[in-house]
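I have placed the structure first, in the form of structure tokens, so that the comments after it can refer back to it.
The values are calculated or read from the model by the stated rules, or taken from the named source; none is laboratory data. If you're wondering where the values come from, they're calculated on a predicted model, not measured in any experiment. Neighbour counts are summed over all protein chains in view; Cβ atoms, including those assigned to glycine, are modelled from backbone coordinates with ideal geometry. Heavy atoms of the whole protein, side chains included, go into the accessibility calculation; ligands, DNA and RNA do not. Shrake-Rupley method; radii C 1.70, N 1.55, O 1.52, S 1.80 Å.
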Amino acid sequence: MHAGVRCMIRRWMSQGCFTQPIPFTAEDVSKIDNASISGYQSKLAKYKELEKAALIGGGPRGIERHVTKNRKVLIRERIKNILDQDSPFLEIGKLAGFDMPYGDLPAAGVVAGIGRIQGIYCMISGNDATVKAGTYYPITVKKSGRVQNISEMNRLPVIYMPDSGGAFLPLQSEIFIYGGRGFYNQAVMSSKGIAQIAMVCGSCTAGGAYNPTMSDEAIIIDRIGKIFLGGPPLVKAATGEIVTDEDLGGAFMHSSVSGCTDYFATDETQGFKMCREIVESLNMRPVPVPNTSSFLQPKADLTWTDLEGKSHLDKVEIYGVLSGLLDGSTFKEFKAFYGPGLITGSGYIEGNMVGIIANSGQILEAEALKAAHFIDMCNRRATPLIFLQNSDATSALANDSYDLKPRGSMSAAVATACVPKISVTLTGCFHEDYLLMCGPSYNPNLNFAWPGAQFSSFLMDNAGLPEKRDDEEFDAFYAAFNVLTDAIITPEITRMVLGESLRIVKQQSLNLPVTNLRYPVFRM
Ligand code: COA
């Protein structure tokens, strides 16, 4: 950090930091030493390569089979067709599924994310049938679980687009125990009044047949949509009966005889239209999307390639990050001089008030108590929390048991916060800071990581108990492959992603449950 910039920030801190613009400009940020730019560039190149591989899905053979032989629309095109034309798509788990013990499974075989339909933020989740016929591998089950978890926490209507050969049979023993969890989740979400709509645009085989039959409303596409527990070969083997797949589980049969589906679409284009009309009939209030002139822009530029490569940011650098994230680079710091290892305070991101909790050193007694106090106030004021994870590998280990009790209080406050929690791992999240700073096990509503982020966790022994203090380090890519982070985002787009995330988490406050029903939609 340039000495002049440090001096300027110290002067500003001594003024009390109370709703002060942070004196940080793009020019100042560019003075930060840029020794690690090349490290950052290689991570970015790796990210782009992986993203390309994820977008290709099952590759030319799978795409050819899907489009030419089966005459179906590719999943990403399907999603584009049901979203509003001007809607962004916040993709969840785009890099999930790479580097698995059973090989690479682009996007874990299921494309999912949040976008607007008729102005309403919805979760959309559809199998990519170009990847091994959209079958479920263990990582597909894990990603689908997180997607439902996000939908439930944020009360987002869900659009399922099933198109799958069911469980990937060679790994069935690893899938069946938890594979049914998705249907359990559907029922629980429905009992909480979260709408779920299925658009059957491929096979719903075996357990997959429960997906449309447990959704509020289901559309099926003629010729390509099929729902059955066992296909014609299985029926022949079990009963000797010869039956066509259309008669057994086709669109016309389910729309006219079984009643499993509610809308018969002659083709996918009609299905997309029906899906949008169903979302309109949910009678929900959309979150207004502000135009950029309605809030102040930050004074700092967000092209912080130099900050990104650092393994840990000091306090002044965190102020730099805040100056690039917050409207007008303005931050009202809470307890600026007490518990300096943690920065807490409030500001706005794209017009929405947020409570910021950012590591700037060790979380000791004062830091933990300050955080618990701050979270309590955010709960009372319905202010969403943003955790900026920037823990230091060595200092996170150096806490002694004296700090355990206050850290326990902070941990409890984070776990039970009744406002939305969004986490961004800027540089690292180590050891118990993983709990205190709202890592995946503390159920963040959304969870992002910068490409250079590092993590560590205690190694578990076979019984699931922590081993001594051996720890295993892993990077943002491992986290993304294994659904430990929802998305890798670059510093440049962090403010924009947080702005969109805040609108997504806000939607439920405008759409409180209208009835006291505590049971799911029963399809009659
Ligand atoms: N487990 C493992 N692999 C499967 C699979 C399954 N359940 N379903 C399909 N696959 C594989 C195929 O072997 C094929 O692999 P390949 O690319 O290495 O040749 C690939 O997925 C594509 O399958 P294919 O049958 O060629 O695609 P399709 O578009 O013609 O048909 C289905 C798609 C889903 C209709 C058909 O694959 C099917 O009926 N699968 C079995 C469904 C089933 O009985 N599931 C029970 C699970 S509990």
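Report yes if MET214 is open to solvent by 30 Å² or more (accessible area, probe 1.4 Å), more than 30 Å from ASN149 (Cβ to Cβ), hydrophobic (A, V, I, L, M, F, W, C) and away from the ligand (no atom under 16 Å from the Cβ), otherwise no.
In short, no.
Within the stretch 270-303, can you find the residues that are open to solvent by 100 Å² or more (accessible area, probe 1.4 Å), among the basic types (Lys, Arg) and modelled with pLDDT of 95 or more?
Selection gives LYS273, ARG285.
Among the residues of the stretch 191-199, is any within 10 Å of the ligand (Cβ to nearest atom), modelled with pLDDT of 95 or more, open to solvent by less than 20 Å² (accessible area, probe 1.4 Å) and not in a strand (DSSP E or B)?
No.
Rundown of residues vs (1) closer than 22 Å to ASN445 by Cβ; (2) out of contact with any helix residue (DSSP H, G or I) (no Cβ under 7 Å at 6 or more places or on another chain); (3) surrounded by fewer than 19 Cβ atoms within 10 Å (Cβ to Cβ), yes/no style:
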position	(1), (2), (3)
TYR319	no, no, no
LEU325	yes, no, no
LYS332	no, yes, yes
GLY339	no, no, no
GLY345	yes, yes, no
GLY351	yes, no, yes
PRO384	yes, no, no
LYS405	no, yes, yes
SER423	yes, yes, no
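Would you confirm, using the coordinates I've provided, whether ARG65 is crowded, with 16+ Cβ neighbours inside 10 Å and at pLDDT 95 or above?
Criteria not met by ARG65.
Identify, please: which residue in the stretch 154-173 is free of Cβ contacts under 8 Å to residues at least 60 places away in the same chain and under 17 Å from ILE227 (Cβ atoms) and is, among those, farthest from the ligand (Cβ to nearest atom)?
TYR160
Just need a number here: residues in the stretch 104-134 that are surrounded by fewer than 24 Cβ atoms within 10 Å (Cβ to Cβ) and in a loop (DSSP other than H, G, I, E, B).
Looking only at that region, the number is 3.
Spot the failing condition for ASP267; the list is (1) charged (D, E, K, R); (2) in contact (Cβ under 8 Å) with a residue 40 or more places away in the chain; (3) closer than 15 Å to ILE159 by Cα, and only one is missed.
So the condition that ASP267 fails would be (3).
Give the residue that is least open to solvent (accessible area, probe 1.4 Å), with candidates limited to residues of the stretch 233-242 that are more than 9 Å from the ligand (Cβ to nearest atom) and under 24 Å from GLY180 (Cα atoms).
VAL235
Please name all residue pairs, on different chains or six or more residues apart, with Cβ atoms under 7 Å, provided the first residue is in the stretch 245-264 and is part of a loop (DSSP other than H, G, I, E, B) and the second residue is open to solvent by 30 Å² or more (accessible area, probe 1.4 Å).
CYS260/THR213; THR261/SER255; ASP262/GLU217
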